[in-house]
1. What is the residue count in segment 1-35 for residues that are assigned to a helix (DSSP H, G or I) and free of Cβ contacts under 8 Å to residues at least 40 places away in the same chain?
2. Could you check Ser43 against (1) crowded, with 17+ Cβ neighbours inside 10 Å; (2) at pLDDT below 85 and say which number it fails?
3. Only one of (1) in contact (Cβ under 8 Å) with a residue 24 or more places away in the chain; (2) closer than 22 Å to Gln85 by Cα; (3) surrounded by fewer than 16 Cβ atoms within 10 Å (Cβ to Cβ) is not met by Ile134, so which one is it?
4. How about segment 36-61: which of its residues are assigned to a helix (DSSP H, G or I), under 21 Å from Gly161 (Cβ atoms) and of a type outside the set (A, V, I, L, M)?
5. Report yes if some residue within segment 12-32 is closer than 22 Å to Phe98 by Cβ and modelled with pLDDT under 90; otherwise report no.
6. Looking at Ile132, Ile82 in this structure, which one is closer than 22 Å to Phe28 by Cα and aliphatic (A, V, I, L, M)?
7. Go through segment 142-166 residue by residue and tally those that are at pLDDT below 90 and either buried (at least 16 other Cβ atoms within 10 Å of the Cβ) or among the aliphatic types (A, V, I, L, M) (or both).
8. Identify all residues within segment 48-65 that are crowded, with 16+ Cβ neighbours inside 10 Å and touching a residue at least 12 places away in the same chain (Cβ under 8 Å); write none if there are none.
Amino acid sequence: MIKFFFYLILSLTMIVFQTSVFPSISFFYHCFDLMLIIILAFSLMFSNFAMIVAVLLIGLCMDSLSGAPLGLYTIAYVWIFILVQFLKRFVHSKNIIFMPCISAVSVIMEHLFLFFSFFIRYGREAFPVENILIAGEQSLWAFFLVPIFIVIIHNIDAICGKLDAKGVV
């Protein structure tokens, strides 16, 4: 039960930071999607059906709170979850190269979904070079930062698991 509340509070906190706090701070204006940290943590640590439901709910929350095209986050998060679940069969999920690479690929995948949705609506004019550079910058930041946050989340998850086993709550 403690794990559930930990992930609920973590998700809601990251959603608030992603949609409200970071856009108003100039240093974080082009920050990668923080929810990718949770999506990747879910996909690396868990493999059950409940995680798909959690990923869908997180995507729906982000779709309803952000100004992005409807369904963008839900589709991107589900495909990222599926990709990582598929790749986990071939690569050890705690591999020192896998985690940074899948983090950068996840940011690029999310941007590809965004670029595709803009392309469908506006045509080729929707691809200024600045947007491509921002996607590259975000994937570079994700390459270095997301694995650190995933390790922190994994350690807190282990602590919450021990507390659940003791029956603290």
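The values are calculated or read from the model by the stated rules, or taken from the named source; none is laboratory data. Computed from a predicted structure; not experimentally measured. Here Cβ is always computed from backbone atoms with ideal geometry, including for glycine, and neighbour counts include all displayed protein chains.
1. Applying the first criterion (assigned to a helix (DSSP H, G or I)) to segment 1-35 yields 2-24, 26-28, 35.
In the following step, the residues that additionally are free of Cβ contacts under 8 Å to residues at least 40 places away in the same chain were identified as 4-5, 8-9, 12-14, 16-17, 20-24, 26-28.
So the count comes out to 17.
2. Ser43 satisfies every listed condition except (2).
3. (2)
4. Result: Phe42, Ser43, Phe49.
5. We begin by selecting, within segment 12-32, every residue closer than 22 Å to Phe98 by Cβ; these are 32.
Add one more test, that the residue is modelled with pLDDT under 90, and what stays is 32.
The answer is yes; a qualifying residue exists.
6. Numbers: Ile82 fails: closer than 22 Å to Phe28 by Cα.
On inspection, the qualifying residue turns out to be Ile132.
7. Selection size over segment 142-166: 3.
8. Those that are crowded, with 16+ Cβ neighbours inside 10 Å and touching a residue at least 12 places away in the same chain (Cβ under 8 Å): Met51, Ile52, Ala54, Val55, Ile58, Gly59, Cys61, Met62.
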